[in-house]
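The values are calculated or read from the model by the stated rules, or taken from the named source; none is laboratory data. Just so we're clear, the structure is a prediction, and the values are computed from it rather than from any experiment. As a convention, Cβ positions derive from the backbone with ideal geometry for all residues, glycine included, and neighbour counts pool all protein chains shown. All accessible areas refer to the heavy atoms of the entire protein, side chains included, with ligands and DNA or RNA removed. Shrake-Rupley method; radii C 1.70, N 1.55, O 1.52, S 1.80 Å.
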Amino acid sequence: MSKIIYLDNNATSAVAPEVVDAMTPFLRDLYGNPSSIHTFGGQVARHVEQARESLAALLGADPTEIIFTSCGTESDSTAIRSALACYPDRRHVVTTRVEHPAVRNLCQWLGQPVPGRAPYRVTELPVDSQGMLGLDEFKAALDDDTAIVSVMWANNETGVLFPVDEIGALCRERGLLFHTDAVQAVGKVPINLAKQPVDMLALSGHKLHAPKGVGALYVRRGTRFAPYLMGGHQENNRRGGTESVPLIVGLGKAAELALRNLKQEQTRVRALRDRLEKGLLAKAPGARLNGHPDHRLPNTTNVSFEYVEGEAILLMLDQYGICASSGSACTTGSLEPSHVLRAMGVPFTAAHGSVRFSLSVYNTPEEIETVLEVLPPIIRRLREISPFGREQLAAAK
Amino acid sequence: MWDYTEKVKQHFLHPKNTGEIPKPDLDATVGNITCGDALRLMVRLDGADRIADAKFQTFGCASAIASSDALIELIKGKTLDEAAGITNDDIAAYLGGLPEAKMHCSVMGMEALQKALAQYRHQPFALETEGQVVCKCFGVTDKLIDKVVREQHLHTVEEVTHFTKAGGGCRGCHREIEAIIAKVHGQPAPAPQAKPPPPMTNLQRINRIQEVLAGEVRPLLQADGGDVELVDVDGKRVQVAFRGHCAWCPVSDVTLKGAVQAKLRELVDPEIVVEDVGEHLTNG
């Protein structure tokens, strides 16, 4: 197979070489437990705290507001369950229809009757055809029974950004807790929690060039908190379990690099994404963009190719070493296309043929040109095989 | 990533039989774009009802395209009667097997062939026109589900979904599919039954016990100058320590059994056993 062209960074990202180097000493020699009294163990605690400072700097937070976890899902679960535990009299959860399964499936489960607890009232807010949340509808959903508001910062499939500042301000006005799944946003858009009204924020290491198996939860100082993993005194009694020192050090290094690369994400990566998107929309007939063209992450584009099926596109791209994702039913193992595209009202003719490209600072203009050469003929080929779309595409010309 | 055989990949990447036949003798389409896959089969016959040429057009994933191509390879040169005997198993076998969750692609091939034959012979296409639609998401009839359950010896809803897609959408028809499976295998339809609630977790039990002690038991004891503290909960064994008057009271054992255990059995769990471990604590 030819060289890999990796355009699936919203799924996971390459571990930065600097991150590997930073981690290696803690895998080889410095294996001590940061809780130990002896110098050998205790010395690594300093590196854990350094990582905490680097991550806090990326978020505009105070280091004491960072809890290291094992992944984004753990961070989301911890935040939502903590809010429910701290406000047991409140029985309402507000979220959206387009959340990542880490939030969506938990909220849907909370809405089910489970022996031993009454079902929560769960409001899943809709989005418009461009994937945007309506603030009026959001405001109307809040009430005094609301225990937690959980709205993602950026959507993983379309890259659409949610108005976290406005959402947070509305929550503050009513004294409600606001949690955001920022797994896709951290490192791609500027975040300054000192100024932004967010109470809890979840992030994941492997989306920003750290390894899999490490995440973090930001909890604003003064926010009521109940731990999810109970155990030792680690993380200031907020998350039991011996710290994964190498992974935490890796996440700290990745945060440092992300802060340095943030401008590049906004300029160079955005330009590559735009070049790819414009090229595909121009070269492939029946191609359409999913998601708002402006209110988006700089690295993500989600394009539907009508009348062809996403898995077939991905496997043909795979022949060229090009890695992307699809919201098609067949790629997920389920039989229905992406819940995000369906919530946006994308027609089935287009939802099945959706392809998501998500870039990183490691992508090059040459790679983008290769995709622009290779993909349009693939779409034409699959259209020839497909029984649909001939009349429609001819009529559109 | 699906685990496709080399044969599937080959027929997906380089299908030999795509295209259209002008004025075909047989022409049938199954599936639709909403469901995510559809197959149009076109056949040209020679004078003796033998398949001289056949082509397909398919909207769908790799295994749908490969199954379509395999179907054509299998029917070419055969008489219609010979072709009629081809099953979805033949298609899957030709491809060296399909992932379990993709078996419905081979069933789609079989359906297209059956529909084309039925139309050509002016017979009703039983799988589509007869019977009731069970799965409304994917428009699958009880006839098709019955046929596949019988031929493939399927026993679970999940297997039926793999082969027909039925039940793979809103899941609203799972009970009906279970009933069809039961009928085919000669069992009475399973009666819907309420599941008993799962046992409380230890944490839930501890919380509940604390609530009952605080709300129901302690006020009573405190009125007499006594008190009780929860020391530990180990499954259904609840260890408490009596304080104040109760700790020295010669009838505390009676108090214990009478008030605390009865209340906890009534309000938390009928199998709870209360133990007094106060002595050890006061001495230690």
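Which shape class, rounded, prolate or oblate, goes with the protein assembly as shown when its Cα gyration tensor gives a ≥ b ≥ c as root eigenvalues, a/c under 1.5 marks rounded, and past that a/b bigger than b/c marks prolate?
On the way: a/c = 2.47, a/b = 1.51, b/c = 1.64.
Because a/c hits 1.5 or more and a/b fails to exceed b/c, the protein assembly as shown counts as oblate.
Under 5 Å between amide hydrogens, which residues at least 5 positions from B:Gly96 or on another chain qualify, with H placed 1.01 Å from N in the peptide plane?
Residues meeting the criterion, in which the H sits 1.01 Å from N, do not exist here.
Taking a cut-off of 29 Å between Cα atoms, list the lysines near B:Lys183, but don't count ones fewer than 8 places away on the same chain.
Cα-Cα hits under 29 Å: B:Lys102, B:Lys115, B:Lys136, B:Lys143, B:Lys147, B:Lys165, B:Lys195.
Set the bar at 30 Å for Cα to Cα. Now go through A:Lys3/A:Lys188; A:Lys188/A:Lys212; A:Lys283/B:Lys76; A:Lys278/B:Lys7 and name every pair that lies beyond it.
Result: A:Lys283/B:Lys76; A:Lys278/B:Lys7 exceed 30 Å.
With Cβ to Cβ distances under 12 Å as the rule, what net charge do the other residues near A:Lys188 carry (K, R +1; D, E -1)?
In short, +4.
Please build a GNM for chain A, connecting alpha carbons under 10 Å apart, and tell me which residue among A:Thr180, A:Thr146, A:Thr242 fluctuates the most.
It is A:Thr242.
From zero outward in steps of 10 Å, how is the percent of C-alpha pairs of the range B:131-184 spread across the bins?
Each 10 Å bin holds this share of Cα pairs: 31, 63, 6.
Under the rule a/c < 1.5 gives rounded, and otherwise a/b versus b/c splits prolate from oblate, where does the range A:187-251 land using the Cα gyration tensor? Intermediate values should be presented prior to the final figure.
Working: a/c = 2.55, a/b = 1.07, b/c = 2.40.
Since a/c reaches 1.5 but b/c is at least a/b, the shape of the range A:187-251 is classed as oblate.
What percent antiparallel are the DSSP beta bridges of chain A, to the nearest 5?
Approximately 60 percent, going by the DSSP bridge assignments.
List, largest first, the extents of the alpha carbons of chain B along their principal axes, each in whole Å.
Here the Cα extents, ordered largest to smallest, are 108, 38, 28 Å.
Starting at the first residue of the range A:291-300, write each ³J(HN,Hα) from the Karplus equation 6.51 cos²θ - 1.76 cosθ + 1.60 with θ = phi - 60°, in whole Hz, x for Gly and Pro.
x, 5, x, 9, 7, 9, 4, x, 9, 10
Heavy-atom accessible surface, probe 1.4 Å, ligands and DNA/RNA ignored: which residues of the range B:48-97 lose at least 10 Å² versus the isolated chain?
B:Gln57, B:Thr58, B:Phe59, B:Gly60, B:Cys61, B:Ala62, B:Ile65
What longest range of chain B stays clear of loop-exposed GluC sites (Glu not before Pro) (DSSP non-H/G/I/E/B, at most 15 other C-beta within 10 angstrom)?
Result for the longest clean stretch: B:131-270.
When the accessible area of chain B is computed with all protein chains present and a 1.4 Å probe, what percentage of it is carbon and sulfur?
Solvent-exposed carbon and sulfur of chain B make up 51 percent of the total.
When the chain is fully extended, how far beyond the present Cα-Cα distance does A:Arg46 get from A:Asn237, taking 0.36 nm per residue of separation? Please list the in-between numbers first.
Values: separation 191, 0.36 × 191 = 68.76 nm, distance 1.77 nm.
Gain in length upon complete extension: 67.0 nm.
Set the Förster radius R0 to 25 Å, insert the Cβ-Cβ distance between B:Ala126 and B:Arg175 as r into 1/(1 + (r/R0)^6), and round the FRET efficiency to 0.05.
Between B:Ala126 and B:Arg175 the formula returns 0.55.
Magnitude of the Cβ-charge dipole of chain A, K/R +1 and D/E -1, about the Cα centre, nearest 20 debye?
Here the size comes out at about 80 debye.
If you take the accessible area of B alone, add that of A alone, and subtract the area of the pair, what total do you get in Å², probe 1.4 Å, to the nearest 100?
Buried area between the two chains comes out at roughly 2400 Å².
Determine the per residue accessible area of the range A:17-258 with all protein chains present and a 1.4 angstrom probe, expressed in square angstrom.
Result: 40 Å² of accessible area for each residue.
Can you give the local net charge around A:Ile368? Use residues other than it whose beta-carbon is closer than 11 angstrom to its beta-carbon, Lys and Arg +1, Asp and Glu -1.
Taking every Cβ under 11 Å from that of A:Ile368, the sum is -3.
Using amide H atoms built 1.01 Å from N in the peptide plane, name the residues 5+ places from A:Tyr120, or on other chains, whose amide H lies under 5 Å from its own.
A:Gly111, A:Gln112
List, in order, the whole-Hz ³J(HN,Hα) value for each residue of the range B:204-213 obtained from phi through the Karplus relation with A = 6.51, B = -1.76, C = 1.60 and θ = phi - 60°; use x for Gly and Pro.
Values, residue by residue: 4, 5, 4, 4, 5, 4, 4, 4, 5, 4 Hz.
List the relative contact order of chain B as a percent without decimals, with contacts defined as Cα pairs under 8 Å and 6+ residues apart. Each step should come with its number before you reach the end.
Working: 437 pairs, mean separation 31.1, N = 284.
Rounded, it is 11 percent for chain B.
Quick one: which residues, 5+ away or cross-chain, put their amide H under 5 Å from the amide H of B:Cys135? H built at 1.01 Å from N.
Those lying under 5 Å, H to H, from B:Cys135 are B:Val140.
What does the charge count near A:Ser328 come to, summing +1 for each Lys or Arg and -1 for each Asp or Glu among other residues with Cβ under 9 Å from its Cβ? If you can, show how the numbers build up before the last one.
On the way: positive: none; negative: A:Glu309, A:Glu311.
Around A:Ser328, the charge tally is -2.
Tally up the carbon and sulfur contribution to the accessible surface of the range A:200-301 as a whole percent, 1.4 Å probe, everything protein left in place.
Ligands and nucleic acids excluded, carbon and sulfur reach 53 percent.
Which parts of the range A:247-275 would a label at A:Asn192 reach, counting a residue when its backbone N lies under 16 Å from a point 7 Å out along Cα-to-Cβ?
A:259-260, A:262-263
Take chain A, drop everything but the C-alpha atoms, weight them equally and run the Debye formula without solvent; then report log10 I(q)/I(0) at 0.06, 0.11 Å⁻¹ to two decimals.
-0.25, -0.82
What is the mean number of Cβ atoms from other protein chains located within 10 Å of the Cβ atom of each residue in peptide A:301-314, rounded to a whole number?
Mean inter-chain Cβ contacts per residue within 10 Å come to 3.
Let me understand the range A:157-298 better: what is its radius of gyration from the alpha carbons, and its Dmax, in angstrom?
Expressed in Å, the Cα Rg and Dmax of the range A:157-298 come to 18.1, 59.
Could you give each residue of the range B:138-149 its phi-based ³J(HN,Hα) in whole Hz, using Karplus coefficients 6.51, -1.76, 1.60 with θ = phi - 60°, and x for Gly or Pro?
10, x, 9, 8, 5, 4, 5, 4, 4, 4, 6, 4
So for chain A, averaging the separation of alpha carbon pairs under 8 Å that are six or more residues apart and normalising by length, what relative contact order in percent results? Write down the numbers at each step before the final one.
Values: 804 pairs, mean separation 87.7, N = 397.
It rounds to 22 percent for chain A.
Straight-line reach from B:Lys236: which aspartates and glutamates have Cα under 17 Å away, leaving out those fewer than 8 places along the same chain?
B:Lys236 reaches B:Glu211, B:Glu266, B:Asp269, B:Glu271, B:Glu275, B:Asp276.
How large, in Å, is the range A:215-305 by the Kirkwood hydrodynamic radius built from its alpha-carbon pairs?
That comes to 17.0 Å for the range A:215-305.
Using the alpha-carbon centroid of each, what span in Å lies between the range B:80-135 and the range A:80-131?
43 Å
Would you work out if the range B:6-127 is rounded, prolate or oblate? Take a ≥ b ≥ c from the square roots of the eigenvalues of the alpha-carbon gyration tensor; rounded if a/c is under 1.5, else prolate when a/b is larger than b/c, oblate otherwise.
Prolate.
For the protein assembly as shown, build the charge dipole from Cβ charges (+1 Lys, Arg; -1 Asp, Glu) around the Cα centre, then report which of A:Leu217, A:Thr301, A:Gln112 sits farthest towards its positive end.
Of the options given, the answer is A:Thr301.
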